[in-house]
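One structure below.
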Amino acid sequence: MLKEKLARLEEVCWRNDGIKPAEIAIPQCELKFSDIEAAAARWQRFASYFKVAFPETEATDGILESPLREIPEMKAYLEKEYATEINGGLWLKMDSHLPVSGSIKARGGVYEVLATAEEIALREGLITLDSDYSVFADEKIKSVLSRYSIAVGSTGNLGLSIGIMSAKLGFRVTVHMSSDAREWKKNMLRTKGVKVVEYESDYSEAVRKGREEAEKDPYCHFIDDENSKTLFLGYSVAALRLKKQLEEKGIKVDADHPLNVYLPCGVGGGPGGVAFGLKQMFGDNVHCFFAEPVSACCMILGMSTGLHSKISTEDIGITARTAADGLAVGRASGFVGRLMEPFMSGCYTLTDERMCRLLAALADSEDIFLEPSALAGMYGPILTESSEEFGIFGKNKNRTHIVWATGGSMVPADEMKKYYLSGK
Ligand SMILES: *Cc1c(COP(=O)(O)O)cnc(C)c1O
């Protein structure tokens, strides 16, 4: 039934009945809270480097973090447009404005590059874990790292993050870009000395080719978006930071004050890592929803059938073509899908048209400009308030809704104008 609807490109909501109470799910999970803490500690070690290499991070003491902002005007727009009352506050987590690469990939992608650089520098005796990591900006370490290379397959933003970070540290870096990748992203990378290889085909093909090439070179580290636990843990640190931001804003999260979080989903690592972290922090009081374009519904397909990465959108006759290039993925990560089984509350799909309309509405109401992918979560609060499937997650005055805005601040003005006009 659901599969037929997905194949017809209908918008659907799927509630995950396989979710388990946190007290059962957390101890059974292969990744632990201590893994998140270890990732946070690594980010902290690199803080002194970021202050030097990316001076815009000075204000946050070398920590890459994004604002959490209330969006009351957008809330009013949504309520009117959809004739639905949204109970509780509506907030935007603006990963769109993360330093370095302007998308959620500045969490996972950047983190895995840091982990790789640290491992090499430790092995080569250039640093200890107690060193001041600003030495990563010195020529000495950069010239050592230039003997190594990094490779990645991407629809755009992952390549942008990994390319920028790797080049900055001195690595040679190759980004294998799928046909979905925007021209400006490829150009920007080339000006930073990144080798960009373009493919006519989709994301899976770009990843496969990248992996193949990297396997031939023992000095090349391939960043595997579909299977990497390092990448995943880099994302998960967002939850620790969000907890602090909520406290600072006096927003309670407990049994009487539930939190709904809506996360755009491509291959699954970004939303999965964040959701995993949030479940560790808030347990049964947080409800995580993944949002996908109707044509790139790989996570809902994999989770609802239990087949995870063994099924792709092509198997149901649809091509993962979408204006939301950050989400243009036909096959979800099997690792993430399985790990999310006891944690995710639900998954939904929406059309490109809806994402673009929401893009224009957010620009008009709050003067915030995002890329289409980043609007996938914005439909979530409407669905939890009004759909039958997600009904148990709505209608509570004490609820807080957080829409995870995953990218957009680096989109060139002329490109942004096109998105905006298509939404109008
Ligand atoms: C990559 C990306 C996502 C989703 O992350 P996945 O790890 O692929 O699921 C969401 N939004 C934007 C803008 C992205 O670039």
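Miscellaneous remarks
- Of all the criteria given as (1) modelled with pLDDT of 95 or more; (2) surrounded by fewer than 19 Cβ atoms within 10 Å (Cβ to Cβ); (3) within 16 Å of the ligand (Cβ to nearest atom), the one not satisfied by Asn227 is (1).
Results for (1) part of a helix (DSSP H, G or I); (2) open to solvent by less than 10 Å² (accessible area, probe 1.4 Å); (3) touching a residue at least 24 places away in the same chain (Cβ under 8 Å), shown as yes or no for each residue.
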position	(1), (2), (3)
Val329	no, yes, yes
Met378	yes, yes, yes
Glu385	yes, yes, yes
Tyr419	yes, no, yes
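- Restricting segment 274-286 to residues that are open to solvent by less than 10 Å² (accessible area, probe 1.4 Å) and free of Cβ contacts under 8 Å to residues at least 60 places away in the same chain, the residue that is farthest from the ligand (Cβ to nearest atom) is Val286.
- If you filter segment 258-273 down to residues that are touching a strand residue (DSSP E or B) at 6+ places or on another chain (Cβ under 6 Å) and either within 9 Å of the ligand (Cβ to nearest atom) or not aromatic (Phe, Trp, Tyr) (or both), you find that the one that is nearest to Leu359 (Cα to Cα) is Pro264.
- Test: residue in segment 91-99 that is open to solvent by less than 50 Å² (accessible area, probe 1.4 Å), within 15 Å of Lys397 (Cβ to Cβ), of a type in the set (Lys, Arg) and touching a strand residue (DSSP E or B) at 6+ places or on another chain (Cβ under 6 Å): no
- Looking only at segment 353-375, and only at residues there that are within 14 Å of the ligand (Cβ to nearest atom) and of a type outside the set (A, V, I, L, M, F, W, C), the one that is farthest from Ser295 (Cα to Cα): Glu371
- Residue in segment 396-415 that is within 16 Å of the ligand (Cβ to nearest atom), open to solvent by 20 Å² or more (accessible area, probe 1.4 Å) and within 20 Å of His287 (Cβ to Cβ) present: no
- Taking segment 364-376 as the range and being open to solvent by less than 10 Å² (accessible area, probe 1.4 Å) and in a helix (DSSP H, G or I) as the test, the residues that pass are Pro372, Ser373, Ala374, Leu375, Ala376.
- Among the residues of segment 294-314, those identified as assigned to a loop (DSSP other than H, G, I, E, B) and either over 16 Å from Glu226 (Cβ atoms) or within 15 Å of the ligand (Cβ to nearest atom) (or both) are Cys297, Gly306, Ser312.
- Of Thr230, Thr174, Thr155, all but one fail to be hydroxyl-bearing (Ser, Thr, Tyr) and closer than 17 Å to Asp325 by Cα; the exception is Thr155.
- Members of segment 44-80 found to be hydrophobic (A, V, I, L, M, F, W, C), open to solvent by 60 Å² or more (accessible area, probe 1.4 Å) and out of contact with any Ser or Thr (no Cβ under 8 Å at 6 or more places or on another chain), listed by number: Ala59
- Qualifying residue in segment 172-189 (condition: within 28 Å of Asp35 (Cα to Cα) and either more than 16 Å from the ligand (Cβ to nearest atom) or out of contact with any Ser or Thr (no Cβ under 8 Å at 6 or more places or on another chain) (or both)): yes
The values are calculated or read from the model by the stated rules, or taken from the named source; none is laboratory data. Predicted model only: the values in this text are computed from it and were never measured. No Cβ is skipped: glycine too gets one built from the backbone with ideal geometry, and neighbour counts run over all protein chains shown. All accessible areas refer to the heavy atoms of the entire protein, side chains included, with ligands and DNA or RNA removed. Shrake-Rupley method; radii C 1.70, N 1.55, O 1.52, S 1.80 Å.
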